[in-house]
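Trainee: Below are the structure tokens for one structure; questions will follow.
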Amino acid sequence: MFDITKKKAFVCDLDGTLFMGPDPIKPAVDFVIESINSGRFSFFYLTNNTSKTPDEYIKKIAGANIPVKPEQILTPLITLEAYIREKGYKSVYLLASEKVTAHLTERLADAGVKFEYNPEENELIALTYDKELTYEKLANATSLWNMRNVPASPMCPIRTANQTPVDFVATHPDNCCPSERGPIPDIGGMMKFLEITNGMKPSNVFGKPSPTLLKTVLDRFTPEQIAVVGDRLYTDKAIADNSGVDFVCVLSGETTVDDLAKYTGTPPAITVETFNKIDEK
Ligand SMILES: [Mg+2]
């Protein structure tokens, strides 16, 4: 049974939950603002979209008059940063937009990490939702993999002096990004592009539904005190399930009543039209 009196923190998906494209879903946003002002709940904001920097999300959320701090934004760019630190990587071939590259370069400046294509030095290929993806970037990634991870053969003769295998990670698994033009390509197709070229597959895929994104929230609250709020069953509900916390399904985005009727997994803890209706249940 969903018990709102036990909740202290909500981890909110953005698109389809608090926003529809650029526009705030007003009743849901008003509920968040009131709850912050009265000190009733803490909020965290969850997105898989690594084409944007955390600063851009802060601007978007603050633009809807919601008070927000950097530590409340949960994006797989944070997980990628932590992964690079944990592994001690110093040379990363990053497939990302210029602004995301600048963001990570600044965040990891203290660790001396370089984000340049260097077949002798690169220890990691990191794929983000790169909206400035080019054929050259894809060819660099596959040739780096060929040089370091594929045994020499007549088909693949090029080797570097450095024979240490290169690691490969992707920030999230989404196949498509919802847009006003309907679904447009996200990172899933980019991963497939690489895989069908030479078989390269990521060792790790961060983002929803991986529970790693909720770690900072679970460090501060017990699972019973947390709920994930979102509009997608296969990402938002999956991360809630994988983290052992309640899922609040909103019908303001992708999931419809029909989808819920057909859904064969455990049902959401609670389903509401828009997030603010959670108080009426
Ligand atoms: Mg959503």
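Bear in mind that the values in this text are calculations on the coordinates, not laboratory data. Keep in mind that this is a model prediction, so the values were computed, not measured. All Cβ positions, glycine included, derive from the backbone under ideal geometry; neighbour counts span all protein chains shown.
Trainee: For the range 1-102, report the convex hull volume of the alpha-carbon atoms normalised per residue, in Å³, without decimals.
Mentor: 136 Å³
Trainee: Counting only C-alpha contacts under 8 Å and six or more residues apart, can you give the relative contact order of the chain as a whole percent?
Mentor: RCO, the chain: 21 percent.
Trainee: So what's Rg/Rh here for the range 151-258, counting alpha carbon atoms and using the Kirkwood radius for Rh?
Mentor: My calculation of the ratio gives 1.12.
Trainee: From the helices alone, meaning DSSP H stretches of at least four residues, give me the mean residue ellipticity at 222 nm for the chain, per-run term -39500 (n - 2.57), in deg cm²/dmol to the nearest 500.
Mentor: Rounded to the nearest 500, it is -9500 deg cm²/dmol.
Trainee: Taking every DSSP beta bridge with both residues inside the range 76-205, roughly what % is antiparallel (nearest 5)?
Mentor: Of all bridge pairs located within the range 76-205, approximately 20 percent are antiparallel.
Trainee: May I ask for the Rg/Rh ratio of the chain, computed from Cα atoms with Rh as the Kirkwood radius, given to two decimals?
Mentor: 1.01
Trainee: With N set to the number of residues, divide the alpha-carbon radius of gyration of the range 76-205 by 2.2 N^0.38 Å and report two decimals.
Mentor: Cα Rg divided by the expected 2.2 N^0.38 Å: 1.05.
Trainee: Connecting C-alpha atoms closer than 10 Å in a GNM of the chain, tell me which of Thr75, Thr17, Thr255 has the biggest fluctuation.
Mentor: Taking springs between Cα atoms under 10 Å, the residue moving most is Thr255.
Trainee: Still on this structure, please answer the following. Would you mind putting 237-246, 179-188, 161-170, 24-33 in packing order, based on average other-beta-carbon counts within 10 Å, highest first?
Mentor: Taking the mean over residues of other Cβ atoms within 10 Å, the ranking is 237-246, 24-33, 161-170, 179-188.
Trainee: By counting other Cβ atoms within 10 Å of each Cβ, how are Ile158, Ile58, Ile73 ranked from fewest to most?
Mentor: Ascending Cβ contact count within 10 Å gives the list Ile158, Ile58, Ile73.
Trainee: Also: Where is the GNM fluctuation largest for the chain (alpha-carbon springs, 10 angstrom cutoff): Met155, Met200, Met20?
Mentor: Judging by the Gaussian network model, the answer is Met155.
Trainee: Sticking with this structure for a sec: Say R0 is 45 Å: what FRET efficiency, to the nearest 0.05, do Met20 and Ala139 get from their beta-carbon distance?
Mentor: After rounding, the FRET efficiency stands at 0.75.
Trainee: Could you please rank Cys249, Cys176, placing first whichever residue has the fewest other Cβ atoms within 10 Å of its Cβ?
Mentor: Ordered by Cβ neighbours within 10 Å, fewest first: Cys176, Cys249.
Trainee: Could you work out how much longer the chain between Ser203 and Leu260 gets when fully extended? Use 0.36 nm per residue separation minus the Cα distance between them, nm to one decimal.
Mentor: Full extension from Ser203 to Leu260 adds 17.3 nm.
Trainee: Indicate the gyration tensor shape class of the range 202-263 (rounded, prolate or oblate), computed on the Cα atoms with a ≥ b ≥ c the square roots of the eigenvalues: a/c under 1.5 is rounded; otherwise a/b larger than b/c is prolate and the rest oblate.
Mentor: It is oblate, given that a/c is not under 1.5 and a/b is not larger than b/c.
Trainee: Which FRET efficiency value, to the nearest 0.05, is calculated for Thr160 and Glu56 with the Förster distance at 25 angstrom and r the Cβ-Cβ distance?
Mentor: 0.10
Trainee: Report for the chain the percent antiparallel among DSSP-assigned beta bridges with both residues inside it, nearest 5.
Mentor: Just about 15 percent of them are antiparallel.
Trainee: Would you compute the Debye intensity of the range 114-155 from its alpha-carbon atoms alone, equal scatterers and no solvent, and pass along log10 I(q)/I(0) at q = 0.15, 0.21, 0.27, 0.33 Å⁻¹ to two decimals?
Mentor: So the normalised log intensities work out to -0.41, -0.74, -1.07, -1.31.
Trainee: If you don't mind, another one. Using alpha carbon centroids, what distance separates the range 240-270 and the range 1-40, in Å?
Mentor: 16 Å
Trainee: At 7 Å along Cα-to-Cβ for each site, give me the label-to-label distance between Lys281 and Glu132 in nm.
Mentor: Simple spin-label model gives 4.2 nm for this pair.
Trainee: With a 10 Å Cβ neighbour count serving as the proxy for reagent exposure, in which order, fewest first, do Ser153, Ser51 appear?
Mentor: Ser153, Ser51
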